[in-house]
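Structure first, then comments.
Values in this text are rule-based calculations from the coordinates and carry no lab data. Note that the structure is predicted; figures quoted are calculated from it, not measured. Heads up, the Cβs are rebuilt from the backbone with ideal geometry, glycines too, and the neighbour counts pull from every protein chain shown.
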């Protein structure tokens with residue numbers, strides 16, 4: 001179970017990233033943020049976002065058009 | 001790679017609805033990725049700092065502009081783009097699409113840029129030239145000129161002109 005869950009379904013670039021950045025502020029260090037999105041571009045974008053910000057993309061999956069991401073907030 | 005070491009600046013020179021997107025999308029995203037961002041608003045980009053935005057797309061000058069309609073993509077012959085009301089009509093269509101597809105409004109992106117502490121500089125010369133008043137602009141902006149921008153650009157890793 002993630003510490004914070006962000007529902008970004010129906011939102012288009014760059015809103016899932018911007019809202020994830022905000023949501024990460026609510027997550028404790030080493031805690032996790034779960035994001036649900038429908039934007040197919042969000043896969044590449046969350047990978048890039050995590051590489052750049054040093055947060056860890058623990059997993060991502062796609063099920064029936066819903067993309068799920070789990071990000072671990074770096075300390 | 002530490003994000004803190006990178007920074008970005010954008011010169012914003014265009015103020016139509018469609019052209020307002022790239023600078024605000026890139027500025028907010030870069031800020032979300034930890035980069036300090038400066039936006040320099042000059043010429044037709046300056047009105048993007050006005051409190052009340054009344055943005056329109058301009059069909060004339062964008063000959064490749066096509067909208068999805070009735071299962072296809074339809075453009076306007078250049079001649080028709082000069083007819084009064086065409087820009088307003090195109091703008092309504094574009095704003096409907098933006099809402100339907102979950103794309104942020106410019107107002108929303110600008111608010112997020114302010115929240116993310118993106119530095120926004122209004123070009124003093126453009127304000128004089130087109131008679132804009134700082135009181136009509138959003139709060140928290142700086143006023144500056146070319147030298148202000150150049151100083152910032154010398155320190156930035158990414159400098160964009162849009």
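What does the C-alpha gyration tensor say about the overall shape of chain B? Classify as rounded when a/c is under 1.5, otherwise prolate if a/b is larger than b/c, or oblate. It comes out prolate by the Cα gyration axes. For chain B, modelled as a GNM whose springs connect Cα atoms under 10 angstrom apart, the maximal fluctuation among B:25, B:98, B:106 occurs at B:98. Cα centroid distance between the stretch B:1-61 and the stretch B:73-99, in Å? The stretch B:1-61 and the stretch B:73-99 have Cα centres separated by 23 Å. In terms of its alpha-carbon gyration tensor, the stretch B:60-134 comes out oblate; a/c meets the 1.5 threshold, while b/c is at least as large as a/b. Highest-first packing order for the peptide set B:149-157, B:110-118 is B:110-118, B:149-157, based on the mean count of other beta carbon atoms within 10 Å. Helix B:17-32 and the longest principal axis of the Cα set of chain B meet at an angle near 40°.
Helix B:86-100 axis versus longest C-alpha principal axis of chain B: approximately 70°, rounded to the nearest ten.
Expressed as a rounded percentage, what relative contact order does chain B have, with Cα pairs under 8 Å and six or more residues apart? Could you put the intermediate results ahead of the total?
Values: 237 pairs, mean separation 57.3, N = 162.
In percent, rounded to a whole number, it is 35.
A crude spin-label estimate for the pair residue B:98 and residue B:133, with each label 7 Å from Cα along the Cβ direction, gives 2.6 nm.
Give the shape of the protein assembly as shown as rounded, prolate or oblate, defined through the alpha-carbon gyration tensor: a ≥ b ≥ c are the square roots of its eigenvalues, a/c under 1.5 means rounded, and otherwise the shape is prolate if a/b is larger than b/c and oblate if not. It comes out oblate by the Cα gyration axes. Counting Cβ atoms of other protein chains within 10 Å of each Cβ in A:51-64 and taking the mean gives 2. Result for chain A in a Gaussian network model with C-alpha springs under 10 Å: among A:12, A:63, A:55, the largest mean-square fluctuation is at A:63.
Roughly how compact is the stretch A:4-72, stated as its Cα Rg over 2.2 N^0.38 Å to two decimals?
Values: Rg = 10.7 Å, N = 69, 2.2 N^0.38 = 11.0 Å.
After normalising by residue count via 2.2 N^0.38 Å, the value is 0.97.
GNM remark for chain B: springs join alpha carbons under 10 Å apart, and the peak mean-square fluctuation among B:82, B:104, B:59 falls on B:82. Angle between the Cα long axis of helix A:15-24 and the longest principal axis of chain A, 0 to 90 degrees, nearest 10? The angle comes out at about 20 degrees.
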